[in-house]
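Structure, as structure tokens:
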Amino acid sequence: MAPPEHVDTAKQKILKDVFGFDDFRPGQEQVVDTLLAGESVLAVMPTGSGKSLCFQVPALVYGGLTIVVSPLVALMHDQVAALRLAGVAVETINSSRDRAENVAAWQRVTSGETRLLYLAPERLMTDRMLAALGKLDISLIAIDEAHCISQWGPAFRQDYQGLARLRDLFPGVPVAALTATADAVTRDDISAQLFAGNAKTVVLGFDRPNIKLTVEMKNSWKNQLLNFIEQHRGKSGIVYCLSRKKTEAAAEFLTENGVEALPYHAGMDKDARNANQTAFMNEPGTVVVATIAFGMGIDKPDVRFVFHVDLPGSPEAYYQEIGRAGRDGLAAEAHMLYGLDDIRMRRVFIEQEEAGEDRKRREHQRLDALIGYCESAACRRQALLAYFGEEIEPCGNCDICIDPIDMTDGTAEAQKILATVSATGQRYGAVHLIDVLRGSQSEKVTKAGHDRLPVFGSGMEHKKEDWRSLIRQLVAAGYLLLDVKGYGGLEVTEKGHALVHGDGIFQYRQDTVRRTPPPGDKARGKSRSKTPTENLSTTEALFLSQLKELRQRLAKERSVPAYVIFPDRSLIEMAQRQPKNTAEFAEIHGVGESKLRKFSVPFLEVIANASSAQAPTD
């Protein structure tokens, strides 16, 4: 189905009238225009950049029915609630609703009333559902969390695999695949499976500059956690633990120390788990302590920190988990504790997986890359984004940029490693390279003839652990490239070749233990984001607190998270501009036609009453 004429006018009208936005965010319009041109697209966009709008606007411009594939019921519920408040005809059919509700929803879909239908992949790909949808006017298909389809990604989900059939089942229907987490290998695999390579790929970068990154060597995790939380009292945050037992222990410990902390893990009773998630989404200042069972469906914009008590499993997992902080674009923190026992446990978990050797090998390589990030001697954000193929200048918003560590000149050692990588054909992993450097007469070394190379035994002055750390830091700094898809071989990059030829120096960190700043110690260095509430006057801050109370009450009445009513940005703008009528209220960010009708009266009343109370008396 071709989009209507004057699509530029149509998309701008929908953006303003439905969603209350004057302009698209960076990258959104490029994806929207691709879909409106009838082309499929893979969009890789940072968390919090507004991926959903990229398919919601085209869905409303096109008309017909848009199918949205979403992996979690909680995520569907929140998106459906938000769209309904914006006046959009949207439905979801899922296992959390009773049969009568699902039947009624399907009747609205078949009548042509519904514009977007949210489905889980396992429900969509049943023969019965596919046959029924085949009789309808499907104009667009959107696949959220598209990285789940890739066998190369750490978040592969079996129920996503069947989505590869969609291009044959609905020929000519544009498909939008959206994700925040996909390296180059995963992107290629998604494109091949969903589009047979015939789709536009839009990669808008992975940087979340508002999130401060810190890694700290683990010594007393409970005290380190409490020390951090004390600096963020009254803020919403997520604490990730590796085990259910530690999750319970951490939540109990924080509660004993006066923190509103709730546990969340797969071993809990479902009702208790859901109650804790609802409290976290709706109650300000709540901290949830969780395993990775708490994840993909969390779309709370004002999470101010993510704290990892234990090492995550991969850079992708880490990136996705810290991405739950600061979705409103305001300052947030990602703080990770890192210890040798974490590495051992992660290795054990990988070996215990019921997976093939190829899969295990890739997971070990991913873990190596994350360890390299932890041991990085340079800007952490540079190291993290380099894994995803993105280059940036030092960020000024990580622990290393803010509080530089003592460095050691390792140029000579780096050149030995790079020379060994080149001499052995740029196809071997760290274990083999270290054996060559240390002069090991292992069967693999002698069989390959590498005991006859000039570099053989050139690194006997260092222990294996030292060489491992050096190699990880060379990968993190972009001198070596780790082949995750293949057998973990290391290649010398252009930057590495330059170092070999004497262009530049390589400095590395010998000690990964960093100082823990005492509570209240302010970080040095430049800050990427300043909280807008810091700029409010006393009167405006009072207005804001009253507006938040109203928002909370309206949210509870509708059983939705508070941000679904209005995000903080909208309330701050109301407090600053203090609109006096509906025309002025309509100009507030995030106020579309539907929300203007539903919410202008109560919010204008609060503003008017607050203004009267603040007015000077004779």
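Please work out which one of (1) out of contact with any helix residue (DSSP H, G or I) (no Cβ under 8 Å at 6 or more places or on another chain); (2) surrounded by 15 or more Cβ atoms within 10 Å (Cβ to Cβ); (3) of a type in the set (Ser, Thr, Tyr) is the condition residue 126 fails and give its number.
(2)
Quick check on my filter: what residues within the range 51-80 are closer than 16 Å to residue 108 by Cβ, among the small types (Gly, Ala, Ser) and assigned to a helix (DSSP H, G or I)?
Within the range 51-80, just 59 meets the criteria.
Quick check on my filter: what residues within the range 266-297 are β-branched (Val, Ile, Thr), more than 18 Å from residue 565 (Cα to Cα) and at pLDDT below 90? First the steps, then the outcome.
Residues of the range 266-297 β-branched (Val, Ile, Thr): 278, 286-289, 291-292.
Retained after the next criterion (residues that are more than 18 Å from residue 565 (Cα to Cα)): 286-289, 291-292.
Result: 291, 292.
Is one or more of the residues making up the range 115-126 of a type in the set (Gly, Ala, Ser) and within 21 Å of residue 555 (Cβ to Cβ)?
no
Look through 115, 123 and report the one residue that is of a type in the set (Lys, Arg) and touching a residue at least 40 places away in the same chain (Cβ under 8 Å).
Only one candidate qualifies: 115.
Taking into account only those residues within the range 494-544 that are polar (S, T, N, Q) and modelled with pLDDT of 60 or more, which is surrounded by the most Cβ atoms within 10 Å (Cβ to Cβ)?
Step by step, filter the range 494-544, then rank; the result is 507.
Working only within the range 339-357, note down all residues that are in contact with a Lys or Arg (Cβ under 6 Å, 6 or more places away or on another chain) and either under 20 Å from residue 214 (Cβ atoms) or among the charged types (D, E, K, R) (or both).
Residue satisfying the conditions is 339 alone.
Residues are listed down the side, and each one gets a yes or a no for (1) of a type in the set (Gly, Ala, Ser); (2) surrounded by fewer than 16 Cβ atoms within 10 Å (Cβ to Cβ); (3) modelled with pLDDT under 90:
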position	(1), (2), (3)
449	yes, yes, no
457	yes, yes, no
473	no, no, yes
481	no, no, yes
486	yes, yes, yes
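Can you name the residue in the range 421-469 that is among the β-branched types (Val, Ile, Thr) and assigned to a helix (DSSP H, G or I) and is also farthest from residue 361 (Cα to Cα) among such residues? Spell out the reasoning first.
Quick first cut of the range 421-469, residues among the β-branched types (Val, Ile, Thr) only: 421, 424, 431, 434, 436, 445-446, 455.
Applying the additional criterion that residues be assigned to a helix (DSSP H, G or I) yields 421, 431, 434, 436, 445-446.
Details: 421: 19, 431: 13, 434: 18, 436: 21, 445: 20, 446: 23 Å.
Taking the candidates together, the pick is 446.
Report, ordered by the first and then the second residue, all pairs with beta carbons closer than 8 Å, sequence separation of six or more or different chains, a first member in the range 405-432 that is not assigned by TED's automatic domain parsing to the domain that holds residue 495, and a second member that is modelled with pLDDT of 95 or more and outside any loop (DSSP other than H, G, I, E, B).
Between residues of the range 405-432 that are not assigned by TED's automatic domain parsing to the domain that holds residue 495 and residues that are modelled with pLDDT of 95 or more and outside any loop (DSSP other than H, G, I, E, B), there is no close pair.
What are the residue pairs meeting all of these: first residue in the range 531-543, first residue within 17 Å of residue 607 (Cα to Cα), second residue polar (S, T, N, Q) and modelled with pLDDT of 80 or more, Cβ atoms under 9 Å, and 6 or more apart or on different chains?
Pairs found: 536/576; 537/576; 540/576; 540/578; 543/576; 543/578.
Being at pLDDT below 85 and more than 15 Å from residue 212 (Cα to Cα) is the filter here; which residues of the range 373-401 pass it?
Taking the range 373-401 first, the residues at pLDDT below 85 are 375-378, 389.
Answer for the range 373-401, where residues must be at pLDDT below 85 and more than 15 Å from residue 212 (Cα to Cα): 375, 376, 377, 389.
Quick check on the range 193-207. Is at least one of its residues without any contact (Cβ under 8 Å) to a residue 24 or more places away in the chain and of a type in the set (Gly, Ala, Ser)?
For the range 193-207, residues without any contact (Cβ under 8 Å) to a residue 24 or more places away in the chain and of a type in the set (Gly, Ala, Ser): present.
The values are calculated or read from the model by the stated rules, or taken from the named source; none is laboratory data. Since we're looking at a predicted model, the values are computed, not measured. Neighbour counts run over all protein chains shown; Cβ positions are idealised from the backbone, glycine included.
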